[in-house]
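Taking it in order: structure first as structure tokens, then the write-up.
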Amino acid sequence: MPLTPLPDSVSARKLHKRLRRQAGQAIADYGMIADGDRVMVCMSGGKDSHVLLDLLLDLRERAPVRFELVAVNMDQKQPGFPEQTLPDYFRERDVDWHVIEQDTYSTVTRVIPEGKTMCGLCSRLRRGALYAWAADNGITKMALGHHRDDLIETFFLNLFHGGRLKAMPPKLRSDDGRNIVIRPLAYACEADIAKYARLRDFPIIPCSLCGSQENLQRQAVKRMLAEWDRDHPGRSDTIFAALQNVAPSQLADRSLFDFAAIDATRAGADETDPAVQVDSPVQIRWMQHDGAGRT
């Protein structure tokens, strides 16, 4: 199936330029790709991974450093999985590629009771296989298609259900220390990605295993954020900006900030931190009274 070219319209060109700029900016801001890197693009066949590969192929021709791309898909042996769709597409794009074949589908359906969320176990098994292949094949960076909305949704999932202020970082080292994961779409919103994927008519492969589970917690958070953005346009932008502007001294995590060291005289405090900065006599007088002049 021939690759659909981008429509020759101002809006399509602006969309492409915006996504490319956002990906390039994220790569630069977080030092995601260095000269000589061998980057593995994890291809699920969904819209996000297709857009990721398309942008990285474009950026590779313009980047100030030289790097390789290898598109890797994992065939999890789900019933009806179109085995040739992605290999045919990779050949058409003239990109190095590999398919990992591992029957995680049988494992997930055997272990997880019917009707329960399968995504957690499925993603762990998939991640383990991808990590192992990367470590064995000279991969220096693993590129995933998570976008800005994924990062925000993960933050709220951890907040509501995990009791943690934690999201998806744009760049991280795996727990075993052998892999570096990057998310070049961290600045891109899902709506732009979906629109671009439709314009390019990528060969999308739906996930029949977890895509049918409509009552996932992530879907509930996604609906919540969509409603917020409808009522207060730009709220997701503000939330993402907050993830980039953390003030540990204004939270309550004792492992990130030494609250015990703060005393009345601010002895030994870091005077560059607003929370522990030594106050001038004028500031102290203002802080001793509220707006009505009461102490």
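The values are calculated or read from the model by the stated rules, or taken from the named source; none is laboratory data. Just so you know, these numbers come straight off a predicted model, no measurement behind them. We place every Cβ from the backbone using ideal geometry, glycine too, and count neighbours over all the protein chains shown.
In region 2-33, of all residues being under 16 Å from the mean Cα position of the chain (by Cα) and of a type in the set (S, T, N, Q), the one that is farthest from Arg148 (Cα to Cα) corresponds to Gln25. Among the candidates Ile239, Ile262, the residue that is touching a residue at least 40 places away in the same chain (Cβ under 8 Å) and among the aliphatic types (A, V, I, L, M) is uniquely Ile239.
For region 25-47, residues that are buried (at least 19 other Cβ atoms within 10 Å of the Cβ) and either of a type in the set (Phe, Trp, Tyr) or assigned to a helix (DSSP H, G or I) (or both) total 3.
Ala188 passes every criterion in (1) surrounded by fewer than 13 Cβ atoms within 10 Å (Cβ to Cβ); (2) under 22 Å from Met40 (Cβ atoms) apart from (1). Of the residues in region 149-157, not one is surrounded by fewer than 20 Cβ atoms within 10 Å (Cβ to Cβ) and either among the small types (Gly, Ala, Ser) or over 19 Å from the mean Cα position of the chain (by Cα) (or both).
Based on this model, can you work out whether Asp258 counts as more than 23 Å from His161 (Cβ to Cβ), modelled with pLDDT of 90 or more and out of contact with any His (no Cβ under 7 Å at 6 or more places or on another chain)?
In short, yes.
The residues of region 1-24 that are in a helix (DSSP H, G or I) and in contact with an Asp or Glu (Cβ under 7 Å, 6 or more places away or on another chain), listed by number, are Leu15, Arg18, Leu19, Arg20.
Of the residues making up region 57-85, those that are over 15 Å from Met142 (Cα atoms), at pLDDT below 95 and in contact with a Phe, Trp or Tyr (Cβ under 8 Å, 6 or more places away or on another chain) are Asp75, Gln76, Lys77, Gln78, Pro79. The residue that is surrounded by the fewest Cβ atoms within 10 Å (Cβ to Cβ), counting only those in region 107-131 that are modelled with pLDDT under 80 and among the small types (Gly, Ala, Ser), is Gly115. I'd like the full set of residues that are within 27 Å of Thr85 (Cβ to Cβ), surrounded by fewer than 17 Cβ atoms within 10 Å (Cβ to Cβ) and at pLDDT 95 or above, limited to region 3-19. Matches in region 3-19: Ala12 only. Scanning region 68-80 for residues that are buried (at least 17 other Cβ atoms within 10 Å of the Cβ) and touching a residue at least 40 places away in the same chain (Cβ under 8 Å) yields Val70, Val72, Met74, Gln76, Gln78. Just one of (1) buried (at least 18 other Cβ atoms within 10 Å of the Cβ); (2) assigned by TED's automatic domain parsing to the domain that holds Gly31; (3) not in a loop (DSSP other than H, G, I, E, B) trips up His161, so point out which. His161 satisfies every listed condition except (1).
Taken together, the criteria place Asp54 among residues that are under 19 Å from Pro170 (Cα atoms), in contact with a Phe, Trp or Tyr (Cβ under 8 Å, 6 or more places away or on another chain) and among the charged types (D, E, K, R). Quick check: is even one residue across region 100-121 in contact with a His (Cβ under 8 Å, 6 or more places away or on another chain), assigned by TED's automatic domain parsing to the domain that holds Gly36 and part of a helix (DSSP H, G or I)? Within region 100-121, none of the residues are in contact with a His (Cβ under 8 Å, 6 or more places away or on another chain), assigned by TED's automatic domain parsing to the domain that holds Gly36 and part of a helix (DSSP H, G or I).
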